[in-house]
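The block underneath contains the structure these notes are about, expressed in structure tokens.
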């Protein structure tokens, strides 16, 4: 039994590392956007478009890192559109976000047709499990560099929002637009930049999906991961460091279903496959009840006002 | 509200009638016997899976003189399939509609068939009922489990451990039958072979398919078979881990240059050629076409680098056996809960096998 426990544990650690990266990038991007006082529900569109652009670029140029960059640029352009439209009077950012989600996926499906068949060069992993003779440990510790980039970015964002002038401006814009204007800050410009940067990160999350894991482009690739990542931001209460834990937890529970079946616990796999969503709901209910949660929400968000 | 009675479709029809009248000399120049065949796919036509298997057959038809092919991809199993079919009939002049996804049948194919009695509609699943359903509708399907049996034979002799894995979508009869046949194929050459199955719960969910493939390889499986809509992710993930693979639905050999053994494919071109020939001669189009190896409706992908010479020899012999009607299910066979489910030898097309809701002894996994 301890063997079986080890298998599941390793699968969950491996799953957390493999599956969490796109969630992490999208959640960090959304955190930055929401900290400036806007909600961009369209990041699912960025994720899918980023995945397609990354795959197409990697296939055409032979360089997967060029694909990662192109995915970021595509995400930036898409989200800049969101940021620009939302500054117009009487525009609802949530409705625009849903429109941009459909626009992003639609563009990706339309232009992605010729790239379903070919195989593009993919990102390499760093083997960190060389010290272990156990093949499972070695497999679980095959880590893509983008995972570490995501971790570093989370720390950087956390530090930047807390300690720098730029961070202060973003937070102020998100908490009280009136105060920001009084300070002479252009609220629309800050939000445009925050939304576009968030879109850049979400695009890179998409590149991870198509260029590393699962590592191919097709139309059902994301299956709603971008939407879940937006929900993770509330779950992480707008804190970039908590986004890391939320993404890791989500990835680990996602690996639970297949891992349990592989050691022979095959009853009720529909339930285990739903585990990440059930867990998110439970934590959302618990955290929504605490007073601290409502204090941490940026005051300018349309869902808070 | 009289405006609503003029439907978009009706307007289009009127427009087409006008266009057709003005183009009359050209349409009259069309040779007698020329036909148009329309196909509808639920996903992209180059998905390395189910849709590609149909699209490949349509490409073969495209080369037949006198046949015009029209196709539409990504047609959801909703009212939009009815609209697509009507547009193929009214705008493209389709004589035959091939509806390739399960959920297209009821009510969309049935209603369209009743509305257009001069057009033939054929649906890819065993659903047509000769008593109640329109005479211009019909079904065609293949017994793909025969090709999965051949996969199993080749996998059993290409595996070092005798532990095979199977990534499955949902525990429905066709999937269970393919998985069980895969096991029986492997057991026919290695009595100790086992198949471990992981159900993803969805027809297409790439991240979970990759997770399932990794979990099976972590559990010691060295050959991975599958039944999901688009096996590309499964095959590529297994190849990257150094495991061997068996394909499903379409030719996936190019995805795994080192580990691909063989794959189970339906040969829809056989059926489609029968349809086209009947239409061109003005004969009746058969309502029901079903079959497997004996009537050239399934095939196996050419062997890849993962197949050992013994595997190739045994699998080729197994194909000859199936063509001659050698049964796959030979009792007594127990399911993996210990119940006796098959007593004697079953014909490969026996109706009892259509009710399969169990995994055989030797398959590790559960249907619930």
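Determine, yes or no, whether residue B:225 is in contact with a helix residue (DSSP H, G or I) (Cβ under 6 Å, 6 or more places away or on another chain), part of a loop (DSSP other than H, G, I, E, B) and away from chain A (no Cβ under 14 Å). Walk me through it before giving the result.
Values: in contact with a helix residue (DSSP H, G or I) (Cβ under 6 Å, 6 or more places away or on another chain): yes; part of a loop (DSSP other than H, G, I, E, B): no; away from chain A (no Cβ under 14 Å): yes.
No: the conditions fail for residue B:225.
The residues listed here are B:322, B:359, B:353, B:333; of these, the one that is touching a helix residue (DSSP H, G or I) at 6+ places or on another chain (Cβ under 9 Å) and within 14 Å of another protein chain (Cβ to nearest Cβ) is B:359.
Residues that are over 18 Å from the mean Cα position of the chain (by Cα): list the strands (runs of 3 or more DSSP E) wholly contained in region B:53-142 that include at least 2 such residues. Break it down into steps so the answer makes sense when it comes.
Details: elements: B:67-72, B:96-99, B:120-123, B:139-142.
In region B:53-142, B:67-72 are the strands (runs of 3 or more DSSP E) which contain 2 or more residues that are over 18 Å from the mean Cα position of the chain (by Cα).
Kindly check whether there is at least one residue in region A:39-56 that is surrounded by fewer than 24 Cβ atoms within 10 Å (Cβ to Cβ) and modelled with pLDDT of 95 or more. Yes, region A:39-56 has at least one match. Has region A:103-116 got any residue that is within 14 Å of chain B (Cβ to nearest Cβ) and not in a helix (DSSP H, G or I)? Yes: one or more hits. Can you confirm whether region A:255-278 contains a residue that is more than 19 Å from the chain's Cα centre (by Cα), surrounded by fewer than 18 Cβ atoms within 10 Å (Cβ to Cβ), more than 10 Å from every other protein chain (Cβ to nearest Cβ) and not in a helix (DSSP H, G or I)? The answer is no; no qualifying residue exists.
Among the residues of region B:107-161, count how many are crowded, with 18+ Cβ neighbours inside 10 Å and under 23 Å from residue B:267 (Cβ atoms). I'd like the intermediate steps shown before the answer.
From region B:107-161, those crowded, with 18+ Cβ neighbours inside 10 Å are B:108-110, B:112-113, B:116, B:119-124, B:128, B:133-134, B:136-159; that's our starting set.
Right, trim to under 23 Å from residue B:267 (Cβ atoms) and you get B:109, B:120-124, B:128, B:137-155.
The total comes to 26.
Against the numbered list (1) in contact (Cβ under 8 Å) with a residue 12 or more places away in the chain; (2) surrounded by 14 or more Cβ atoms within 10 Å (Cβ to Cβ), residue B:321 comes up short only at (1).
Scan region B:262-293 for residues that are out of contact with any strand residue (DSSP E or B) (no Cβ under 8 Å at 6 or more places or on another chain) and more than 30 Å from residue B:175 (Cα to Cα) and the total you get is 6.
What do you reckon, is residue B:228 surrounded by 24 or more Cβ atoms within 10 Å (Cβ to Cβ) and within 13 Å of residue B:365 (Cβ to Cβ)?
No, not satisfied.
Within region B:192-208, being surrounded by 24 or more Cβ atoms within 10 Å (Cβ to Cβ), facing another protein chain (nearest Cβ under 7 Å) and not in a strand (DSSP E or B) holds for B:206, B:207, B:208.
Just wondering, is there one or more residues in region B:274-293 that are closer than 30 Å to residue B:200 by Cα, in a strand (DSSP E or B) and away from chain A (no Cβ under 14 Å)? Full working, then the answer.
First pass over region B:274-293, keeping only residues closer than 30 Å to residue B:200 by Cα: B:290-293.
So of that shortlist, the ones also in a strand (DSSP E or B) come out as B:290-291.
Filter once more, keeping what is away from chain A (no Cβ under 14 Å): B:290-291.
Yes, that holds for at least one residue.
Within region A:120-128, not a single residue is modelled with pLDDT of 90 or more, on the phi < 0 side of the Ramachandran plot, within 13 Å of chain B (Cβ to nearest Cβ) and part of a helix (DSSP H, G or I). Would it be correct to say that residue A:241 is in contact with a helix residue (DSSP H, G or I) (Cβ under 6 Å, 6 or more places away or on another chain), surrounded by fewer than 21 Cβ atoms within 10 Å (Cβ to Cβ), modelled with pLDDT under 90 and more than 9 Å from chain B (Cβ to nearest Cβ)? No; evaluated as a whole, the condition is false for this residue.
Scanning region A:94-128 for residues that are touching a helix residue (DSSP H, G or I) at 6+ places or on another chain (Cβ under 6 Å) and crowded, with 18+ Cβ neighbours inside 10 Å yields A:96, A:100, A:101, A:104, A:105, A:108, A:112, A:115, A:120, A:122, A:123. Against the numbered list (1) part of a helix (DSSP H, G or I); (2) exposed (fewer than 15 other Cβ atoms within 10 Å of the Cβ); (3) in contact with a helix residue (DSSP H, G or I) (Cβ under 7 Å, 6 or more places away or on another chain), residue A:83 comes up short only at (2).
The values are calculated or read from the model by the stated rules, or taken from the named source; none is laboratory data. These numbers come from a predicted model, not from an experiment. Note that each Cβ is placed from the backbone with ideal geometry, even for glycine, and that neighbours are counted across all protein chains shown.
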